[in-house]
1. Taking only region 34-80 into account, find how many residues are within 25 Å of A3 (Cβ to Cβ) and of a type in the set (V, I, T).
2. Look at region 1-22 and say how many of its residues are in a helix (DSSP H, G or I) and touching a residue at least 24 places away in the same chain (Cβ under 8 Å).
3. Quick one: what pairs do we get from region 31-46, first residue in a helix (DSSP H, G or I), second open to solvent by 60 Å² or more (accessible area, probe 1.4 Å), C-beta under 8 Å, 6+ apart or different chains?
4. Going through region 15-35 one residue at a time, which ones are among the small types (G, A, S) and open to solvent by 60 Å² or more (accessible area, probe 1.4 Å)?
Amino acid sequence: MSASIVYLLLLFTAMVAYDFSKWKQACLRDRLAYGALILPMLYLGILYVTEMPWPNLDELVHFFFAEPAKRIVETVKLPS
């Protein structure tokens with residue numbers, strides 16, 4: 001677990017160090033977009049470090065879009 005924490009901290013530190021000067025000069029809208037992209041990364045990082053059986057992002061997407069996708073496929077199918 002400690003190796004995964006070090007690995008994750010190293011990756012996030014490198015990312016923040018690279019983007020910090022650009023982030024300081026960005027407008028509020030760009031900062032919010034950057035933060036919105038960071039949130040799933042933090043969530044997945046927590047899952048990676050703690051190895052908890054929480055829902056992954058693909059499971060969340062499947063939960064929200066599986067039923068509408070099935071309905072679309074059924075409406076487009078040709079009758080046999």
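The values are calculated or read from the model by the stated rules, or taken from the named source; none is laboratory data. These numbers come from a predicted model, not from an experiment. In this analysis, Cβ positions are derived from the backbone assuming ideal geometry, glycine residues included, and neighbour counts consider all displayed protein chains. Side chains included, ligands, DNA and RNA excluded: accessible areas come from the protein's heavy atoms. Shrake-Rupley method; radii C 1.70, N 1.55, O 1.52, S 1.80 Å.
1. Here the count works out to 4.
2. 4
3. Filtered contacts from region 31-46: R31/W23; Y34/W23; P40/L57; Y43/L57; L44/N56; L44/L57; I46/M52.
4. Passing the criteria: A17, S21.
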